[in-house]
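Working notes, beginning with the structure itself.
The numbers here are math on the coordinates, done by the rules we state, and not lab data. Remember, predicted model here, so these are calculated numbers, not experimental data. No Cβ is skipped: glycine too gets one built from the backbone with ideal geometry, and neighbour counts run over all protein chains shown.
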Ligand SMILES: [Zn+2]
């Protein structure tokens, strides 16, 4: 009986049914959900998974919802004969389908450039650069074009923003696609877009009964469309979970909030919503530590922020620099007067690309370790490990 009991007990304590235990396991479980675009089913699956992990560690969780309007490209392209050539709708473009000859517009696409060609009822093909997208599109509209294709001036496609809603389908394409469209050739421009309300959710984990955190560890869980977001930013999210795991049984657990923000990629919207909706909590924070892209070592872990926290980091034996770089979720906290540190390893080659499928659990662990030590120093608490 004894011999049978021991393995059974071990299984119970080491892994509750269905709960993975290491950062690598968590990544392997979450990445197949797909890109965690705010408001998507994949985003919710990842959040539910991580919520269960925090609870298994003995934390309570709270969901804070917020909504915002967003423009989505539902899949747009340009076709030459049977050939489907990819592209991305520019934000604020109208949707629509136009079959007409293509007209290559010389220069950057000013009104004078459009005056040199006849784009009436046709698809204007214009080069990116020199003047804003909206100026090219307004010139095209004034000249009577039925649609616009903007060709990138660097390799690959791009996602641009017009800034003002226009009644013309506008597609951004790579130079390769641009070169495949000949002057006078019939093309079909298909732009499918949607303007809708995003239902986004921040997930907060904390110890039961605790309402006044002194430290907030944060990372955004959402990713951009088309990118699985392993490094950006499942890496930071798993670092926050790892910090929470290490904090179990230490004073840090009862003095911290662990936040996974949504809507970061749409403009730091999750952290902004948190700061706005929790003024009391934010006022009491001694530090906000934000981890974004810490799973691929483009450069050694860079920790930067305000002087008092940089000093605390150095006392904890962690290198940090005094500057306020990086546009991520620490920004709304800093603007609200909270001392912040930003943990980051640089933008890797797969940043916002379909290739963002890898994170190194070792690097995630090191970032978590550094954040843990610094928070510990800030609180002046000795971890009971
Ligand atoms: Zn990010």
**Asked** For the chain, what does -39500 (n - 2.57) per DSSP helix run (n ≥ 4), summed and divided by total residues, give at 222 nm, in deg cm²/dmol to the nearest 500?
**Response** -9000 deg cm²/dmol
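Can you sort 369, 242 so the residue with the fewest Cβ neighbours within 10 Å comes first? Walk me through the intermediate numbers first.
Values: 369 16, 242 23.
Ascending number of Cβ neighbours within 10 Å: 369, 242.
Return a whole-number percent for the relative contact order of the chain, with Cα pairs under 8 Å and 6 or more residues apart as the contact set. Mind dumping the intermediate values first?
Working: 891 pairs, mean separation 69.0, N = 385.
Taking the mean separation of contacting Cα pairs over the length of the chain, I get 18 percent.
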**Complete:** Between the modelled labels at residue 283 and residue 195 (7 Å from Cα along Cα→Cβ) the distance in nm is 3.8 nm
**Asked** Tilt of helix 361-379 relative to the longest C-alpha principal axis of the chain, in degrees (0 to 90, nearest 10)?
**Response** 60 degrees
**Asked** Which angle from 0 to 90°, rounded to the nearest 10, does the C-alpha axis of helix 41-56 make with the longest principal axis of the chain?
**Response** 10 degrees
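How long is the gain from residue 183 to residue 45 if the chain were fully straight, where each residue apart is worth 0.36 nm and the alpha carbon distance is subtracted? Numbers along the way, then the final one.
Values: separation 138, 0.36 × 138 = 49.68 nm, distance 4.67 nm.
Here the answer is 45.0 nm.
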**Message:** Please give the Cα centre distance for the range 25-89 versus the range 194-263, rounded to the nearest Å.
**Reply:** 15 Å
**Asked** How much length is gained if the chain between residue 82 and residue 164 is pulled fully straight, taking 0.36 nm per residue apart and subtracting their Cα-Cα distance, in nm to one decimal?
**Response** 26.2 nm
**Asked** For the residue pair residue 299 and residue 335, what label-to-label distance in nm results when each label sits 7 Å from Cα along the Cα-to-beta-carbon direction?
**Response** 2.4 nm
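Given a Förster distance of 35 angstrom, what is the FRET efficiency for residue 319 paired with residue 130, based on the Cβ-Cβ distance and rounded to 0.05?
Between residue 319 and residue 130 the formula returns 0.25.
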**Prompt:** Using alpha-carbon positions, what is the distance between the centroids of the range 291-362 and the range 101-151, in Å?
**Reply:** 41 Å
**Request:** Output the peptides 329-342, 95-108 sorted from most to least packed, where packing is the average of other Cβ atoms within 10 Å over each peptide's residues.
**Result:** 329-342, 95-108
**Request:** Compute the acute angle (0 to 90°) between the alpha-carbon long axis of helix 235-247 and the principal axis of greatest extent of the alpha-carbon atoms of the chain; round to the nearest 10°.
**Result:** 10 degrees
